[in-house]
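Reading through the structure tokens given below for one structure.
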Amino acid sequence: MTRNLIKSAAAVLVAFACAGCSGNKGTGVVLLPEEAFVKTVDGMYTGLYTISNDNGMTLQLTNYGARIVALWVPSADGGFKDVVWGYDSIDAYLNASDKYSGPVVGRYGNRINDGRFTLDGKEYRLTVNENGNQLHGGAGGFSAKVWNAEQFTDEDGNQAVRMTWLSEDGEEGYPGNLKISVTYTITSENELVLDYEASTDKPTVLNPTSHVYYNLHGTSAKSTDTHLMTIYADSFTPTDAELIPTGEIAPVEGTPMDFRTSTAIGARIETPDFEPLKLGKGYDHNWVLDKTSDGTHSGTWIAAELFEPETGIIMKIYTDQPGLQFYAGQGMDGKEVGKRGEIHNVRSGIALETQNFPDAPNHEDFPSAVLRPGETYTQHSVYAFSLK
Ligand code: GAL
């Protein structure tokens with residue numbers, strides 16, 4: 001309780017300190033009003049945070065789930081497009097049927113088989129929220145928490161928001177008090193940068209990721225099937241019918257999973273008789289990144305490039321993570337009404353999640369997701385926007 005009160009007070013201070021400090025806005029950028037995001041959830045205040053660069057690229061975040069709400073980037077017509085799904089109020093987020101529009105998910109992004117894993121000889125039982133498995137850290141995971149938020153200007157003059165959360169020992173079944181921060185920065189190069197940092201007081205597992213539905217048309221009224229996708233990966237991790245990895249690392253060569261050359265998402269997504277696409281009802285898989293650099297963004301490799309010819313918007317993703325989950329939004333049913341009254345239609349928003357492999361705690365030959373006391377987990381992922 002005391003902890004919550006302190007957190008609430010901190011959130012209020014930040015909210016007041018930042019009223020009106022949102023910087024330059026590009027032509028055509030329509031900001032959501034801060035009032036629509038002020039609420040008390042679990043005894044803590046939620047708010048809306050707005051940061052931008054001198055080019056007008058603008059990010060809006062709420063601390064409910066450390067979540068991206070809007071991201072306005074330049075488009076080829078000289079205006080700006082909001083390239084992420086979202087809702088126009090905190091109430092809409094609380095009532096949404098898909099809880100994963102924009103947040104940081106964890107402790108473990110994607111699935112853990114049967115909601116259990118063994119670490120140092122001890123079995124841990126997690127909460128389960130999908131087919132007896134755990135998805136995205138459980139129903140009460142990071143995406144459902146009200147994080148502390150601090151808005152600041154970094155040493156390079158970029159506007160940033162740092163979200164922090166103390167995930168207590170036992171939260172959703174995970175061991176250890178885990179302190180995590182995720183810092184969102186907008187650079188002068190039109191990049192959205194996410195820096196994660198975490199530490200624990202007991203051995204645990206961790207795989208946080210950003211779960212944003214992107215649509216480079218700037219509206220969920222239009223399908224993302226037209227987006228041209230490149231994924232820098234020679235292989236992927238096939239799954240069973242519950243989307244739990246079988247443990248196999250399969251080559252993409254000669255399959256509809258091969259995005260090594262730029263290909264429209266819709267071109268092969270309905271390929272008949274290709275088992276992984278049948279199981280996923282489309283793309284919903286983890287690609288094993290090649291870890292090759294394009295000479296930019298040191299300390300990372302290029303994971304993917306997405307391009308929408310209609311708007312000319314390119315999004316390149318750089319990361320230091322081994323995997324990328326590409327989910328094509330086939331689970332949406334067109335019933336959710338998002339920002340601007342736009343419907344979230346089937347395949348009108350795609351998630352590209354930089355991550356460790358799903359269910360890695362149960363696969364010895366997958367990269368380790370273990371975090372021990374004294375170690376610091378870090379992740380650096382960059383979403384770089386440009387025009388063609
Ligand atoms: C993705 C996952 C999908 C779906 C989605 C949330 O990361 O791969 O299967 O669960 O999150 O709706």
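Some observations on this one:
- Condition check for E248 on (1) more than 24 Å from F385 (Cα to Cα); (2) at pLDDT below 95: one failure, at (2).
- The requirement of being modelled with pLDDT of 95 or more, more than 16 Å from the ligand (Cβ to nearest atom), part of a strand (DSSP E or B) and not small (G, A, S) is satisfied by L59.
- Where a residue in segment 261-282 is within 17 Å of L306 (Cα to Cα) and its partner, wherever it lies, is within 14 Å of the ligand (Cβ to nearest atom) and assigned to a helix (DSSP H, G or I), with Cβ under 7 Å and at least six apart: I269/L277
- Output for segment 31-44, where each listed residue is closer than 14 Å to A144 by Cα and buried (at least 22 other Cβ atoms within 10 Å of the Cβ): M44
- Breaking point among (1) within 16 Å of the ligand (Cβ to nearest atom); (2) surrounded by fewer than 19 Cβ atoms within 10 Å (Cβ to Cβ), for G170: (1)
- Selected residue (criterion: least open to solvent (accessible area, probe 1.4 Å)) from residues of segment 116-130 that are away from the ligand (no atom under 11 Å from the Cβ) and in contact with a Lys or Arg (Cβ under 8 Å, 6 or more places away or on another chain): L126
- Single condition Y87 does not satisfy, out of (1) away from the ligand (no atom under 11 Å from the Cβ); (2) open to solvent by 10 Å² or more (accessible area, probe 1.4 Å); (3) within 29 Å of N190 (Cα to Cα): (2)
- Of the residues in segment 182-190, at least one is in contact with a Gly (Cβ under 9 Å, 6 or more places away or on another chain), open to solvent by 10 Å² or more (accessible area, probe 1.4 Å) and either modelled with pLDDT of 95 or more or β-branched (V, I, T) (or both).
- The sole residue among A221, A241 that is within 16 Å of the ligand (Cβ to nearest atom) and not charged (D, E, K, R) is A241.
- Identity of the residue in segment 332-365, among the β-branched types (V, I, T) and either open to solvent by less than 10 Å² (accessible area, probe 1.4 Å) or touching a Gly at 6+ places or on another chain (Cβ under 7 Å) (or both), that ends up nearest to the ligand (Cβ to nearest atom): I350
- Test: residue in segment 246-267 that is touching a helix residue (DSSP H, G or I) at 6+ places or on another chain (Cβ under 6 Å), within 14 Å of the ligand (Cβ to nearest atom) and open to solvent by less than 60 Å² (accessible area, probe 1.4 Å): no
- Residue in segment 144-166 that is within 22 Å of the chain's Cα centre (by Cα), part of a loop (DSSP other than H, G, I, E, B) and within 23 Å of T40 (Cβ to Cβ) present: yes
- Any hit, segment 63-79, residues being without any contact (Cβ under 8 Å) to a residue 60 or more places away in the chain, crowded, with 24+ Cβ neighbours inside 10 Å and more than 14 Å from the chain's Cα centre (by Cα): yes
- Selection over segment 204-239 of residues that are crowded, with 16+ Cβ neighbours inside 10 Å and in a loop (DSSP other than H, G, I, E, B) gives a count of 15.
- Among the residues of segment 301-331, those identified as over 17 Å from the mean Cα position of the chain (by Cα) and either crowded, with 23+ Cβ neighbours inside 10 Å or β-branched (V, I, T) (or both) are E308, T311, I313, I314.
- Scanning segment 45-62 for residues that are open to solvent by 20 Å² or more (accessible area, probe 1.4 Å) and within 18 Å of I313 (Cα to Cα) turns up just one, N55.
- Annotation note: of N113, N133, the sole residue that is within 16 Å of the ligand (Cβ to nearest atom), of a type in the set (S, T, N, Q) and open to solvent by 20 Å² or more (accessible area, probe 1.4 Å) is N113.
The values are calculated or read from the model by the stated rules, or taken from the named source; none is laboratory data. In this text, all values refer to a predicted model and were calculated from it rather than measured experimentally. Using ideal geometry, Cβ is built from the backbone for each residue, glycine included, and neighbour counts are taken over all protein chains shown. For the accessible areas, the whole protein counts, side chains as well, though only heavy atoms, and no ligand, DNA or RNA atoms are used. Shrake-Rupley method; radii C 1.70, N 1.55, O 1.52, S 1.80 Å.
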